[in-house]
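The values are calculated or read from the model by the stated rules, or taken from the named source; none is laboratory data. Computed from a prediction, not measured in an experiment: that's the story for all the values here. Every residue, glycine as well, gets a Cβ built from its backbone with ideal geometry; the counts of neighbours run over all protein chains shown. The area values use the complete protein model at the heavy-atom level, side chains included, leaving out ligands, DNA and RNA. Shrake-Rupley method; radii C 1.70, N 1.55, O 1.52, S 1.80 Å.
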Amino acid sequence: ETGYRGRRSMMATFHAARPASTARRLERIGAAVMRYGLALIVVWIGALKFAGYEAAAIEGLVANSPLLSWMYGIGSVPTVAAVIGVGEIVLGVLIAVRPVAPRVSAVGSLGAILMFLTTLSFMLSTPGVWQPDYGCPFLSGAGQFLVKDLILLGAAIWTAGDSLEAAAVRRRAR
């Protein structure tokens, strides 16, 4: 059909297909940014744990945590920070290996989920997270530092699901 109606139908098909392809492209780009951005952030923050200022900065968070405070009974502030840093670096690298080892990447993502749940728990255990005299929901500087982990938690949950799905697809293909 080459008349007006035929051209209109072709254009409608073209325009309907184009946004879907753009949407898929944006989704793939967003997924890559989320995965490798998460991996980079986790590795970077882990590497910073070897700096004295970062070890000192997390001391109050770790010392007040019912989950982690025991660590200072075993090691010094720099040692505890270094152990945490090594763990973070390992998790970030594991998250990044999804193209070659999706199951391994899922393990890294699941570890990151636990890590971010732990750091978010600091909002409940660390004095001074809430703005003095205002309380919840008014965050202090420490609270603002911690609340960003909510979006990182979401990214870790997504990367875990994506990696587990990729591992299942790979397993079915064998």
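Worth pointing out:
- Only residues that are hydrophobic (A, V, I, L, M, F, W, C) and without any contact (Cβ under 8 Å) to a residue 12 or more places away in the chain were counted in segment 63-102, giving 6.
- Meets criteria (buried (at least 18 other Cβ atoms within 10 Å of the Cβ) and modelled with pLDDT under 95) for G143: yes
- For segment 29-37, the criterion of a residue being part of a helix (DSSP H, G or I), touching a Lys or Arg at 6+ places or on another chain (Cβ under 7 Å) and at pLDDT 95 or above is satisfied by at least one position.
- Filtered residues of segment 146-157 (kept if buried (at least 16 other Cβ atoms within 10 Å of the Cβ) and without any contact (Cβ under 8 Å) to a residue 24 or more places away in the chain): none
- Among (1) in contact (Cβ under 8 Å) with a residue 12 or more places away in the chain; (2) exposed (fewer than 14 other Cβ atoms within 10 Å of the Cβ); (3) out of contact with any helix residue (DSSP H, G or I) (no Cβ under 7 Å at 6 or more places or on another chain), the one test that G60 misses: (2)
- Some residue of segment 46-54 being within 19 Å of the chain's Cα centre (by Cα) and open to solvent by 20 Å² or more (accessible area, probe 1.4 Å): yes
- Remark: R5 matches the filter, which requires a residue to be at pLDDT below 95 and either part of a helix (DSSP H, G or I) or more than 25 Å from G141 (Cα to Cα) (or both).
- Looking across G87, G128, one residue alone is open to solvent by less than 80 Å² (accessible area, probe 1.4 Å), at pLDDT below 95 and of a type outside the set (A, V, I, L, M, F, W, C). It is G128.
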